[in-house]
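Before any comments, here is the structure.
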Amino acid sequence: MSRRERIRRALHHLPLVVWLWLLWVALWGSTGAVVLVGGLLVAVAVAVLFPLPSVLPGAVPRPRWIGLLLLHLLADLVRSGTIVAWEVVRHGGRTRSAVIEVPLHVDDDVLITAVAEITTIAPGTVVTEIDRRRRRLYVHALPVRDREAVARRKKETQELERRVARVVGHRHHPLEHGSPSDAPDGPPPSDPPPDDPPPDHRGRRR
């Protein structure tokens with residue numbers, strides 16, 4: 001097997017490895033060194049020993065964006081953990097929180113689940129519900145004290161969605177005419193019936 005072929009096979013398994021690794025961390029609920037390294041080893045072993053068909057047909061892993069996503073995730077863990085700890089020390093049980101509705105732009109089960117998992121990993125945010133039909137995440141976040149904080153949390157989740165889409169080369173198109181829920185439910189209105197044909201003015205033969 002040539003070197004190029006080995007690299008291609010490794011890139012083919014990369015999205016599955018990243019997904020299994022993030023799932024492992026989310027299930028353990030910890031970001032300790034043992035959990036991170038152990039999860040990575042388990043993910044690689046599963047991908048190699050039990051190869052699966054592509055979960056995202058046509059996806060092209062982008063190593064650069066994968067690295068940036070991991071750096072963003074680590075930085076967000078530190079930042080969010082610091083903010084939550086300070087809020088607990090300063091306000092205790094009086095810390096205010098909110099459940100925020102976040103519209104999504106991607107329309108893929110794997111990408112939506114990945115966004116939800118990564119959002120839940122960060123301290124202070126938990127995805128309480130996924131509305132697949134309307135492409136919505138409902139995120140319980142703290143601290144949230146005003147409308148500006150709500151808008152900031154919503155923007156952070158949508159920025160994460162954009163990063164996840166870039167990892168696999170998925171086209172991310174912001175909604176230009178409102179969110180998916182703006183469209184009315186039910187089938188689209190049918191076209192009006194055509195007008196009656198003009199009467200035939202040709203005379204009859206006698």
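The values are calculated or read from the model by the stated rules, or taken from the named source; none is laboratory data. Keep in mind the model is a prediction, meaning the values are calculated, not measured. FYI the Cβ positions are ideal-geometry reconstructions off the backbone, even for glycines, and counts take in every protein chain you see. These area figures cover heavy atoms from the full protein model, side chains too; ligands, DNA and RNA do not enter into them. Shrake-Rupley method; radii C 1.70, N 1.55, O 1.52, S 1.80 Å.
Taking first residues from segment 1-18 that are closer than 17 Å to LEU49 by Cα and partners that are open to solvent by 70 Å² or more (accessible area, probe 1.4 Å) and at pLDDT 70 or above, no Cβ contact under 6 Å between residues at least 6 apart in sequence or on separate chains turns up. None of ALA183, ALA149, ALA116 is modelled with pLDDT of 90 or more and over 27 Å from LEU20 (Cα atoms) except ALA149.
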